[in-house]
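Below: the structure, in structure tokens.
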Amino acid sequence: MIRTIAGSVLALAGATAAVWSPFRAWYDGRPGRDYAVGDLFTGITDEKADLLASILLPFAFAALLTLVGVLLRSRLLVALAGVVVLGFTVLWMVRVGQAEGGLTVGSDGTGLGDGVANAFGGGALLLLGALVMPGRRYARHAHRVDRVDRVDRPPYGEKDRHDDVPAGPPAPEDPERENPPPRD
């Protein structure tokens with residue numbers, strides 16, 4: 001129970017951080033919502049993207065996967081959401097590094113911004129939440145309360161009440177068993 005709650009809280013916090021990250025600065029003060037998803041596959045341009053066509057789209061999809069995964073207690077869906085977030089963040093970093101000739105981190109607001117850190121942190125929290133969650137336990141067999149599964153036996157040394165009743169008709173006698181053939 002505690003693992004379920006802790007894993008769910010970690011996963012939901014990770015999804016929140018991932019969805020919030022495009023609204024923060026990603027590189028040189030440019031917010032993540034300005035980068036189009038298509039630019040991640042073709043190359044980064046200076047054009048400003050629509051909000052729903054921005055990098056917010058895969059992060060919102062990951063948040064939806066997380067929500068479904070938490071409701072179904074599916075570690076696989078939560079882990080998949082973490083891989084989506086980290087995958088698109090790394091893909092963005094590769095494309096920006098190619099366009100800029102390298103990535104930098106500056107204390108004056110230039111270079112990588114806190115939006116990238118939020119995306120990485122969100123992806124890591126999603127994966128950590130998937131690890132902490134116990135997942136679903138599937139019943140291997142049904143257990144019926146109204147049926148006795150085993151016969152109660154008397155304790156060792158006590159006579160069973162059925163010991164004096166013969167088990168069935170006597171077995172036919174085998175003449176070879178009484179007089180086995182001689183050995184050579």
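The values are calculated or read from the model by the stated rules, or taken from the named source; none is laboratory data. All values reported here derive from a predicted model rather than from experimental measurement. Reconstructed Cβ throughout: ideal geometry from the backbone, glycine too, with neighbour counts over all protein chains shown. Note: accessible area is taken over every heavy atom of the protein model, side chains too, but ligands, DNA and RNA are not part of it. Shrake-Rupley method; radii C 1.70, N 1.55, O 1.52, S 1.80 Å.
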For this session: Starting from the stretch 57-73, take each residue that is over 21 Å from TRP92 (Cα atoms) and list its partners that are hydroxyl-bearing (Ser, Thr, Tyr), counting only C-beta distances under 8 angstrom and pairs at least six apart or across chains.
Result: VAL68/SER74; VAL70/SER8; ARG73/THR4
Exercise. In this structure, is LEU103 touching a residue at least 40 places away in the same chain (Cβ under 8 Å), open to solvent by 30 Å² or more (accessible area, probe 1.4 Å) and outside any helix (DSSP H, G or I)?
Worked result: yes
For this session: Under 7 Å between Cβ atoms, at least 6 apart or on separate chains: pull out the pairs that start in the stretch 121-132 with a residue that is over 12 Å from ARG3 (Cα atoms) and end on any residue that is of a type in the set (Ser, Thr, Tyr) and surrounded by 24 or more Cβ atoms within 10 Å (Cβ to Cβ).
Result: GLY122/SER21; GLY123/THR89; LEU126/THR66
Exercise. What about VAL19, is it modelled with pLDDT of 90 or more and more than 30 Å from GLU100 (Cα to Cα)?
Worked result: no
Seminar exercise, completed: Taking the stretch 9-36 and keeping residues part of a helix (DSSP H, G or I), over 17 Å from PHE88 (Cβ atoms) and open to solvent by 20 Å² or more (accessible area, probe 1.4 Å) leaves VAL9, LEU10, LEU12, ALA13
Problem set entry | Residues of the stretch 37-68 satisfying the condition of being assigned to a helix (DSSP H, G or I) and of a type in the set (A, V, I, L, M) | LEU40, LEU56, LEU57, ALA60, ALA62, ALA63, LEU64, LEU65, LEU67, VAL68
Problem set entry | Checklist (1) surrounded by fewer than 16 Cβ atoms within 10 Å (Cβ to Cβ); (2) touching a residue at least 12 places away in the same chain (Cβ under 8 Å); (3) under 21 Å from the mean Cα position of the chain (by Cα) applied to MET1, failing item | (2)
For this session: Could you figure out which of (1) open to solvent by 30 Å² or more (accessible area, probe 1.4 Å); (2) in contact with an Asp or Glu (Cβ under 9 Å, 6 or more places away or on another chain); (3) modelled with pLDDT under 90 isn't true of LEU52?
Result: (2)
Exercise. Would you say LEU40 is over 22 Å from the mean Cα position of the chain (by Cα) and open to solvent by less than 20 Å² (accessible area, probe 1.4 Å)?
Worked result: yes
Exercise. Does the stretch 81-89 include one or more residues that are more than 14 Å from ILE55 (Cα to Cα) and surrounded by fewer than 20 Cβ atoms within 10 Å (Cβ to Cβ)?
Worked result: yes
